[in-house]
Amino acid sequence: MKTLAELAALRDKARNQVAMREGKAKTKIVVGMGTQGIDAGARDVLLAFAKELDKDNLFETAVVTQNAALAIDGKLPVVEVYEDGKKTATYVNMTADKAVKVVNDHIKGGKVVADYTL
């Protein structure tokens, strides 16, 4: 049996996860999750973004979502970062480790990680 405090913590965590996917944040991270993207490791990339955003409580700053149509042959997994008033950054050949760096340098630091872009 869960205590009220444990249930409240679960509720808050679930709210944060929903906010990360559907919130009205100024930054939107889209991971290409088509069949080929998933085969190339996109699921791990998506989970890494979600984990980093959750760890740093950035769910009000950035949302992470998926799009099956986002793919570039030979460059999978692909991630696009949309920011209000800025040019879209397209990251290619992404990994979970690269996702962590993108969160730290781009999402938190405001600097596109040029080594990972087209």
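The values are calculated or read from the model by the stated rules, or taken from the named source; none is laboratory data. This one's a predicted model, so the numbers in the text were calculated from it and none came from an experiment. Counting neighbours? That spans all protein chains shown, and the Cβs are built from the backbone with ideal geometry, glycine included.
Among the residues of the range 52-75, those identified as in contact (Cβ under 8 Å) with a residue 40 or more places away in the chain, surrounded by fewer than 19 Cβ atoms within 10 Å (Cβ to Cβ) and assigned to a loop (DSSP other than H, G, I, E, B) are Asp56, Asn57, Glu60, Thr61, Ile72, Lys75. Just wondering, is there one or more residues in the range 77-96 that are within 18 Å of Gly34 (Cβ to Cβ), of a type in the set (S, T, N, Q) and in contact with a strand residue (DSSP E or B) (Cβ under 8 Å, 6 or more places away or on another chain)? Yes, that holds for at least one residue.
Counting the residues of the range 28-51 that are assigned to a strand (DSSP E or B) and either surrounded by 20 or more Cβ atoms within 10 Å (Cβ to Cβ) or among the hydrophobic types (A, V, I, L, M, F, W, C) (or both) gives 4.
If the condition is being outside any loop (DSSP other than H, G, I, E, B) and surrounded by 19 or more Cβ atoms within 10 Å (Cβ to Cβ), then the range 76-97 contributes Val79, Val81, Ala89, Tyr91.
Taking the range 39-73 on its own, how many of its residues are closer than 16 Å to Asp97 by Cα and over 13 Å from the mean Cα position of the chain (by Cα)? Qualifying residue count, the range 39-73: 2. Residue-level check: of (1) surrounded by 17 or more Cβ atoms within 10 Å (Cβ to Cβ); (2) at pLDDT 65 or above, Leu10 misses just (1).
Take the residues in the range 99-118 that are surrounded by 14 or more Cβ atoms within 10 Å (Cβ to Cβ) and out of contact with any Phe, Trp or Tyr (no Cβ under 8 Å at 6 or more places or on another chain); name whichever of them is farthest from Leu47 (Cα to Cα). Checking each candidate, the answer is Val112.
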